[in-house]
1. Within 10 Å of each residue's Cβ, count the other Cβ atoms and sort A:380, A:256 from fewest upward.
2. Return the calculated 222 nm mean residue ellipticity for chain A, to the nearest 500 deg cm²/dmol, obtained by summing -39500 (n - 2.57) across DSSP H runs with n ≥ 4 and dividing by the residue count.
3. Tell me, in nm to one decimal, what length is gained between residue A:27 and residue A:383 on full extension, where the rule is 0.36 nm per residue of separation less the Cα-Cα distance?
4. Using the alpha-carbon atoms, what tilt in degrees (0 to 90, nearest 10) does helix A:315-338 show relative to the longest principal axis of chain A?
5. Go ahead and set up a Gaussian network model of chain B, Cα springs under 10 Å, then flag whichever of B:297, B:271, B:117 fluctuates most.
6. Along each of its three principal axes, how wide is the spread of alpha-carbon positions in the protein assembly as shown, in whole angstrom units, largest first?
7. Extent of region B:1-95 along each principal axis, from alpha carbon coordinates, in Å, largest to smallest?
8. Calculate, in whole percent, how much of the Cα-Cα pair population of region B:189-280 lies beyond 23 Å.
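Values quoted throughout were computed directly from the atomic coordinates according to the rules given, and no laboratory measurement underlies them. If you're wondering where the values come from, they're calculated on a predicted model, not measured in any experiment. Here the Cβ is made from the backbone with ideal geometry for all residues, glycine too, and neighbour counts use every protein chain on show.
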Ligand SMILES: Cc1cc2nc3c(=O)[nH]c(=O)nc-3n(C[C@H](O)[C@H](O)[C@H](O)COP(=O)(O)OP(=O)(O)OC[C@H]3O[C@@H](n4cnc5c(N)ncnc54)[C@H](O)[C@@H]3O)c2cc1C
């Protein structure tokens with residue numbers, strides 16, 4: 001069955017030419033498994049890839065020129081990470097994306113000068129320290145505490161950080177953690193949070209693995225009496241919620257590249273061919289339904305990109321896209337299991353791995369329920385508080 | 001069919017639970033599962049206590065045997081309860097020691113990977129009409145890596161003339177009891193995953209209240225419980241009726257649909273913690289995926305149901 005659904009509408013000739021450059025760049029990275037990190041050794045390859053991208057200026061495509069960026073449309077970033085996802089080579093790094101853009105908006109000139117050059121060149125990797133055992137969807141419940149030191153050998157001008165983050169992706173190979181922590185009263189919710197940048201090799205930081213069903217690894221990151229200079233706080237004290245919210249907003253167009261789905265479907269269709277299932281009308285009908293939904297998600301991704309390019313609020317289109325895309329990735333993955341052929345169970349075959357991986361997608365990066373709630377509240381003003 | 005559990009049934013299941021408390025359970029399952037091993041000690045205990053003879057027992061019968069399969073599976077017993085408790089006795093075959101493989105490949109094809117295929121000494125191969133009971137040489141099996149709790153292997157091809165060809169109609173007996181049995185296994189596992197999730201919804205606090213107090217989740221748990229109850233009664237009914245083609249296919253089709261929804265919802269409601277290997281949820285949800293691949297899965301169950309009701313042409 002041919003794969004005929006298209007996303008390549010609506011991009012300019014220059015943007016399409018850039019896609020061509022990306023595709024030829026990617027020929028040097030086939031086999032790198034940095035999208036799923038099925039092997040822990042992938043981290044080293046991904047680090048190298050990010051440096052190669054950095055040297056080309058591709059980690060700062062849409063950064064303003066005054067920060068050393070290329071000043072291009074976010075469409076370029078979309079194309080880059082969409083093709084990376086199709087090739088399963090890598091996901092967009094947090095550092096030059098979310099962290100750098102938040103620094104440009106909320107950081108001091110000194111912080112920008114200190115972090116941006118290495119981020120642009122792909123030399124520094126960040127992970128995101130938001131979630132905790134008791135703060136996931138309810139992020140304002142974060143408890144990891146940063147206590148300002150009044151006196152002592154290091155203070156004032158320092159914090160001492162204590163607490164634990166969990167489910168932290170990539171903490172085992174990143175250099176820094178972008179840490180959301182409590183600086184206000186215990187019950188201050190979103191009004192008492194601050195963002196700190198903490199090097200992961202600081203004394204008192206411990207990273208330990210949390211193995212997941214896809215054979216991958218998330219991490220627990222513990223902080224015990226970790227000293228952090230106040231100069232590494234991004235934004236004002238207790239203004240961390242705003243920093244985090246705006247950081248989220250600028251990266252939505254690359255968070256869930258829709259071509260991943262096209263690739264998932266391609267792999268599934270190829271598998272039904274290999275197993276001889278593709279002659280069954282029930283199977284074909286299911287596949288065509290999935291192909292329609294891939295087109296739907298691609299359309300939602302482009303709608304979202306349009307909002308980001310125009311600078312309009314994008315939370316609702318981003319939630320539409322994330323909801324539809326992550327549910328679809330699961331439905332594609334499930335189809336092989338549901339066709340009732342035990343070949344689909346053989347560990348680490350394409351379709352088998354997809355099943356174990358896809359179940360993570362409707363939780364990570366904001367759950368489906370959080371997305372649904374956001375649409376109901378922000379698009380329609382439905383709120384329990386009236 | 002009596003809807004109330006009889007005293008005999010209750011006493012029987014209590015005894016079984018006690019046995020399983022010692023020879024099955026989450027702790028024990030992680031260990032043989034990690035090695036991909038069959039639990040011979042559990043099988044032997046079940047045999048000694050008479051649980052493998054329930055099917056033909058005067059004081060019990062196929063329904064009790066099905067209830068026992070459900071319990072063994074809920075407790076993650078690493079044995080093959082469906083052939084031992086249901087299929088072998090339904091065929092009137094003698095008991096067998098060690099794992100038994102079941103297969104019903106499409107005409108002319110070899111079976112795909114089967115549970116415990118690398119250790120099984122006997123296979124029951126359902127053809128179009130007859131079933132063949134053939135010895136297997138475990139040394140000839142080809143294990144395949146499995147991420148779904150049960151060890152899997154391709155068994156050596158059964159040459160024609162090998163093994164005993166059973167009378168006409170026995171293939172339908174195998175399919176019927178296999179459908180009932182695999183559905184009963186699924187019931188046991190689904191119930192455990194569901195209970196775990198309900199407990200979590202009660203215990204976890206988000207936004208200052210119990211997770212389960214959010215209506216969006218309450219409705220989904222309620223819908224799951226409807227699916228589970230429906231599956232339970234369809235499976236018991238099919239067992240009670242002797243696993244006729246239509247009832248067993250309907251039970252399996254509904255159970256497979258319930259399983260799909262249950263897997264999605266339990267993992268969703270548990271959030272990140274349910275996606276980790278330290279948490280128990282996956283001990284059931286991953287095994288459930290292996291069950292739904294059996295017998296041709298949902299497509300085949302639905303086809304079998306419509307063929308039984310409206311004739312082969314309708315399928
Ligand atoms: C693969 C993966 C990668 C991740 N990477 C990172 C990372 O790098 N950094 C980081 O900080 N975190 C990371 N996370 C954590 C992720 O952000 C959280 O898991 C997520 O926010 C959900 O939190 P939780 O798991 O605690 O679930 P909970 O918040 O406890 O939610 C449990 C369930 O209840 C639902 N729910 C919650 N509130 C409501 C409500 N009001 N109404 C209806 N339903 C509700 C949720 O949607 C979910 O289904 C990652 C998670 C995964 C799976």
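1. A:380, A:256
2. Counting only the DSSP helices, I get -13000 deg cm²/dmol.
3. Fully extending the segment from residue A:27 to residue A:383 adds 123.2 nm.
4. With both axes taken from Cα atoms, the answer is about 50 degrees.
5. Sorting by GNM fluctuation, first place goes to B:271.
6. 85, 57, 53
7. Taking the Cα atoms of region B:1-95, the three principal extents are 40, 29, 20 Å.
8. 33 percent
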